[in-house]
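Here is the structure we will look at.
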């Protein structure tokens, strides 16, 4: 039996670099989820404007869109843990500013938007560096399991972060910012304690060619191009979860509590699958398994779209989350293993930009299609589109389909 199949989460958490990495990433993820709740509630309480709520998302997205390639180059040129550490410290200090202004009663809407922009700037630089660090902190031969566990930090934050943020906000509007500051500063301390032995820094001087080297590398490698583009188009078409408020009220006839349960269901499915993958690695036909997972995601999307029962909708969403987790773990591992260490930051930046674009454009596509055709036809078409993309990509990228093993 191989190390990958016999060793589990205990072995990973017993590896000090991964242990520190996991908890630092978890604290950052929780802070971002708390921020979404606290900032949204506070802005809406100040302005009663839905447009201002939309501006919060725009203020976070713009730095990502503008700085992604610069951030990827920074992750390859400088020590990655220091890049992440600097971003976490900046986010913690920004949280302290929001806490002070809230407690003092001097915080304005413009200041909140400025702070959110800083959070977006920090996220743009932190995300490629964090992704590029993973192969260096994972024990040899355990990247797949390390990927499963590290992505679980995000799913746990999605389930627990908003609830924690809402609970703390109920105590005091400034309290969530204090908690975020604490989480980010502790996370930066943990990051500073990480010692890696396989770090390789790029020696390329800053230039347009080096900034966009990640794009060139992706285009020149069919397996990586197929992996990243599959995620882009599958998520773009399969964005039915953005229609959950319509389903909760008009199809399933439930209230805000039901909507909250529906939103948590995909993350629960992903966490359940994480528990499986952290113990039993996918050891054969990983390319085929990835395509099968995307197809299952599409089938579950269609099931959710056609369901009129709460239990069936929840089951479909759980399956969607589990299938997406399988696909995500394989995709991330394939990209990491096929990318030289001194390019991982820039390639990770391309992947990060594609993922962000697919999520946001997918929500727009689903909303636009629902406005034209109705929520149910829009979700059905999205699920079918995801299945067709997976089948088409199997033909277009045979090298990806024939990938046999990870590690």
Open item on the list: For the condition modelled with pLDDT of 80 or more, within 30 Å of residue 194 (Cα to Cα) and in contact with a helix residue (DSSP H, G or I) (Cβ under 7 Å, 6 or more places away or on another chain), what is the one hit in 83, 43?
Closed with: 83
Open item on the list: I'd like to check something: does the stretch 163-179 contain any residue that is within 14 Å of residue 40 (Cα to Cα) and outside any helix (DSSP H, G or I)?
Closed with: yes
Task: Checking residue 254 against (1) at pLDDT below 70; (2) part of a loop (DSSP other than H, G, I, E, B); (3) farther than 23 Å from residue 136 by Cβ, the condition it does not meet - done: (1)
- [ ] Could you please give the count of residues in the stretch 33-68 that are surrounded by fewer than 21 Cβ atoms within 10 Å (Cβ to Cβ), within 20 Å of the chain's Cα centre (by Cα) and either more than 13 Å from residue 113 (Cα to Cα) or not assigned by TED's automatic domain parsing to the domain that holds residue 99 (or both)?
- [x] 4
Open item on the list: Of everything in the stretch 329-359, what is over 19 Å from residue 69 (Cα atoms) and either crowded, with 22+ Cβ neighbours inside 10 Å or in contact with a strand residue (DSSP E or B) (Cβ under 6 Å, 6 or more places away or on another chain) (or both)? Give them in sequence order.
Closed with: 329, 330, 331, 333, 334
Task: Failed criterion for residue 109 (all others in (1) modelled with pLDDT under 95; (2) within 19 Å of the chain's Cα centre (by Cα) hold) - done: (2)
Task: Filter pass, residue 264 being farther than 17 Å from residue 230 by Cβ and crowded, with 20+ Cβ neighbours inside 10 Å - done: yes
- [ ] Answer with yes or no whether residue 122 is assigned to a helix (DSSP H, G or I), closer than 28 Å to residue 69 by Cβ, outside the structural domain of residue 327 (by TED's automatic domain parsing) and free of Cβ contacts under 8 Å to residues at least 40 places away in the same chain.
- [x] yes
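Does residue 164 satisfy being touching a helix residue (DSSP H, G or I) at 6+ places or on another chain (Cβ under 9 Å), over 30 Å from residue 99 (Cα atoms), in the same structural domain as residue 24 (by TED's automatic domain parsing) and modelled with pLDDT under 85?
Working: touching a helix residue (DSSP H, G or I) at 6+ places or on another chain (Cβ under 9 Å): yes; over 30 Å from residue 99 (Cα atoms): no; in the same structural domain as residue 24 (by TED's automatic domain parsing): yes; modelled with pLDDT under 85: yes.
Taking the combined requirement at face value, the residue does not satisfy it.
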Task: Single residue of 202, 210 found to be modelled with pLDDT under 85, more than 20 Å from the chain's Cα centre (by Cα) and not in a helix (DSSP H, G or I) - done: 202
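Report whether or not residue 307 is touching a helix residue (DSSP H, G or I) at 6+ places or on another chain (Cβ under 9 Å), more than 26 Å from residue 143 (Cβ to Cβ) and not assigned by TED's automatic domain parsing to the domain that holds residue 145. I'd like the intermediate steps shown before the answer.
Numbers: touching a helix residue (DSSP H, G or I) at 6+ places or on another chain (Cβ under 9 Å): yes; more than 26 Å from residue 143 (Cβ to Cβ): yes; not assigned by TED's automatic domain parsing to the domain that holds residue 145: yes.
Here the answer is yes, as residue 307 does meet what is asked.
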Task: Within the stretch 102-113, tally of residues that are within 19 Å of residue 178 (Cβ to Cβ), free of Cβ contacts under 8 Å to residues at least 40 places away in the same chain and in a helix (DSSP H, G or I) - done: 2
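Which one of these is assigned to a helix (DSSP H, G or I) and either modelled with pLDDT of 90 or more or in the same structural domain as residue 391 (by TED's automatic domain parsing) (or both): 280, 247? Talk me through it step by step, then tell me what you get.
Working: 280 fails: assigned to a helix (DSSP H, G or I).
Of 280, 247, the one residue that is assigned to a helix (DSSP H, G or I) and either modelled with pLDDT of 90 or more or in the same structural domain as residue 391 (by TED's automatic domain parsing) (or both) is 247.
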- [ ] Test residue 64 against the stated conditions and say whether it is over 25 Å from residue 185 (Cβ atoms), at pLDDT below 80 and touching a helix residue (DSSP H, G or I) at 6+ places or on another chain (Cβ under 9 Å).
- [x] no
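The values are calculated or read from the model by the stated rules, or taken from the named source; none is laboratory data. Bear in mind that the values here come from a model prediction, so they are computed numbers and not experimental data. With ideal geometry, Cβ positions are generated from the backbone for all residues, glycine too; neighbour counts draw on all protein chains shown.
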